[in-house]
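Peer 1: After the structure tokens below, expect a handful of questions from me.
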Amino acid sequence: MTTLPAQTERKLGLVIDLDTCVGCHACVVSCKGWNTENYGAPLSDTDPYGKDPVGTFLNRVHAYEVTPQDNAPFTVHFPKSCLHCEDAPCVTVCPTGASYKRTEDGIVLVNEDACIGCGLCAWACPYGARELDALAGVMKKCTLCVDRIYNDTLPQEDRVPACVRTCPAGARHFGDFPDPDSTVSQLSRERGGIELMPELGTRPVNRYLPPRPRDTLQGCADPAPATDPSTEGLTGFLGWIDRTLARF
Amino acid sequence: MYPAPSIIVFTTLSGLGFGLLAFLGAGVILPTGLAAFVWFALGYALALVGLVASAFHLGHPERALRAFTQWRTSWLSREAVLSTLALLAIAPHAAGLVFWATPVPVAGAIGAALCLVTVFATSMIYAQLKTVPRWNHWSTPVLFLLAALTGGALLTGSGYTAQMLLAWLAVAMVLHWLIGDGQFARRGTTLGTATGLGPLGRVRQLEPPHTGGNYLLKEMAYVVARRHSRVLRVIALTLACVLPSILLWTAPYSLPALALAVVLHLAGMVTQRWLFFAEAEHTVALYYRG
């Protein structure tokens, strides 16, 4: 059913630490691997070794440069996958009922057998979390590794999403948000976890931890003048040399 | 947004078909016998060709019947249900006129109303999307409904009504463009809110997440160059509204002129619909912008 549950028993989701992520793309690779070898249609690649390789991914890592008003620019690596929104617009637009949000844990899933591949859910998602697989013709999205987190055949430490399990920097955390003692809710509380595009009213479950404040370099917040080759304003001995040389 | 030919054909032709059927159902003209057959066949054909075209962009068209199930929340599902109801409801009126030269006004009126509600549902598939601010506005359903009504008036040769509607359609088109141009900025979504990094400073893309293309870029990052959009807007307005209007003024009772007006109007509407998609900016494109 494409009607959203008024309340879900749990709100499983991710916390992604933008201060810690080093942009290694290991989560991208492990996600692609797990979701190609397990539940649902494989994430296909077209022309993978040719001139125009295109593939389906459920997780992609962007990189941004942030320039503060009074400090040097810095880089932020930005992993992006489904945020499992509480008010998921991708679910309500689905004409077939293939898209749904689970009442028990809030995970947004696609029943691939019922998907007609119209692509409207991908249009309705502000974040680009859904991709239509070119070969399978059905919509693919992050399942929060629903086939890992409840999987009794896996060792306990592996019962987390593949991206979380693989992250070498410990930048990704998985858990239940309403539980005040869960890692995700503690981190989100302490570090001021942020929602993406809150103005669109999707109420995403996943939270991003903003980069911690950087040190300000005293007196030379902007290092550019130190490398400026101009001699304007030089005084003293160097100024005298500059003026003398300029005569010739 | 990527202007897929199947979607342009779908919205243009089904709009025109349901517009014509609405006029026939409302009894604006009451042809009988073979003439009635030709009018209704044209209406049904346009609507059905449009609906079938929409199935061409599906990944699994063989499962299309499932799209009738989720009318509680989905405008796309509502559109499927309403279009079928409209085509069924108007059938007794059509059969009455073709075989017994007798209209069935109740069926006609209900059918006409359902035709217009169907066009409204089509427009809401786009107007509901908060992710595409240009569409997420009341001017979208107004534009779709006026386009369908104008097509119906032209196809039934309702000269005076057609003139009025052509003028209103022109106003709606221009309004939709002018309001649409500022919609994204008014919504306030930027790379800053998309990444949550806005409060820290100015954000720009440093490197993209992949070197190749992807589904998102192909489907949602397509935006027509501004220069071309201006020229195309003039072409759309001229073909869809101005020229048909001039033809109706200069040759009011000429059938060839009316036919030419319909063809020009259709060409203009195809251009307008192409722009409707090609000019629309989706929020996901922000993540890929420098």
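Peer 1: If contacts are Cα pairs under 8 angstrom and at least 6 residues apart, what is the relative contact order of chain B in percent? Walk me through the numbers on the way to the answer.
Peer 2: Values: 442 pairs, mean separation 68.8, N = 290.
24 percent.
Peer 1: Of all the C-alpha pairs in the stretch B:5-288, what % are more than 29 Å from each other?
Peer 2: Cα-Cα pairs of the stretch B:5-288 separated by over 29 Å account for 39 percent.
Peer 1: Based on the alpha-carbon gyration tensor of the protein assembly as shown and its eigenvalue square roots a ≥ b ≥ c, which shape applies: rounded if a/c is under 1.5, prolate if not and a/b is larger than b/c, or oblate? Could the numbers behind the result be given before it?
Peer 2: Details: a/c = 2.88, a/b = 1.58, b/c = 1.82.
It is oblate, given that a/c is not under 1.5 and a/b is not larger than b/c.
Peer 1: Separate question: Given H placed on each backbone N at 1.01 Å, which residues far from A:His62 in sequence or on other chains put an amide H within less than 5 Å of it?
Peer 2: Answer set, sorted by chain and number: A:Phe78, A:Lys80.
Peer 1: Same structure again: Which ordering of A:Val28, B:Val49 is given by a fewest-first count of other beta-carbon atoms within 10 Å?
Peer 2: B:Val49, A:Val28
Peer 1: Right, another one. Of A:Glu112, A:Glu131, A:Glu232, which is the most mobile in a GNM of chain A whose springs link Cα atoms less than 10 angstrom apart?
Peer 2: Among A:Glu112, A:Glu131, A:Glu232, the largest GNM mean-square fluctuation belongs to A:Glu232.
Peer 1: Among B:Thr161, A:Thr75, B:Thr250, B:Thr11, which comes first, then next, by fewest other beta-carbon atoms within 10 Å?
Peer 2: Going from least to most buried by this count: B:Thr250, A:Thr75, B:Thr161, B:Thr11.
Peer 1: Here's something else I'd like to know. Shape verdict for the stretch A:25-71, please, from the Cα gyration tensor: rounded (a/c under 1.5), prolate (a/b greater than b/c) or oblate.
Peer 2: On the way: a/c = 4.12, a/b = 1.95, b/c = 2.11.
Cα axes put the stretch A:25-71 in the oblate bin.
Peer 1: For the pair A:Arg159 and A:Arg243, how long in nm is the line joining their label points, each one 7 Å along Cα→Cβ?
Peer 2: Once both label points are built, they end up 8.1 nm from each other.
Peer 1: Order of A:Arg243, B:Arg187 from fewest to most other C-beta atoms within 10 Å? It would help to have the intermediate numbers written out before the result.
Peer 2: Numbers: A:Arg243 11, B:Arg187 19.
Ascending number of Cβ neighbours within 10 Å: A:Arg243, B:Arg187.
Peer 1: So how tilted is helix B:159-187 from the main axis of chain B? Cα-based, degrees 0 to 90, rounded to 10.
Peer 2: So the inclination is approximately 10 degrees.
Peer 1: Mind checking A:84-91 for the average number of partner chain beta-carbons within 10 Å of each residue's beta-carbon?
Peer 2: Mean shielding by partner chains, rounded to a whole number: 1.
Peer 1: Can you work out ³J(HN,Hα) from phi for every residue in the stretch B:233-249, in order, using Karplus 6.51 cos²θ - 1.76 cosθ + 1.60 and θ = phi - 60°, giving whole Hz and x for Gly and Pro?
Peer 2: Values, residue by residue: 4, 5, 4, 4, 5, 5, 5, 6, 10, 5, 5, x, 5, 4, 4, 5, 5 Hz.
Peer 1: If the elastic network links every pair of Cα atoms under 10 Å, which of B:Tyr215, B:Tyr253, B:Tyr160 fluctuates the most in the Gaussian network model of chain B?
Peer 2: Comparing B:Tyr215, B:Tyr253, B:Tyr160 in a Gaussian network model of chain B, the most mobile one is B:Tyr215.
Peer 1: Please state the shape class of the stretch A:12-209: rounded when a/c is under 1.5, otherwise prolate if a/b exceeds b/c and oblate if not, all from the C-alpha gyration tensor.
Peer 2: Rounded is the answer for the stretch A:12-209, as its axis ratio a/c remains below 1.5.
Peer 1: Would you list, by chain and number, the lysines whose Cα falls below 19 Å from the Cα of A:Lys32, excluding same-chain residues fewer than 8 positions away?
Peer 2: Those lysines meeting the cut-off are A:Lys80, A:Lys140, A:Lys141.
Peer 1: State the Cα centre-to-centre distance between the stretch B:46-60 and the stretch B:190-246 in whole Å.
Peer 2: Cα centroid of the stretch B:46-60 versus Cα centroid of the stretch B:190-246: 26 Å apart.
Read the figures in this text as sums done on the coordinates, not as results from a lab. Computed from a predicted model, the values in this text were never measured in an experiment. Ideal geometry is used to build each Cβ from the backbone, glycine not excepted, and the neighbour counts take in all protein chains shown.
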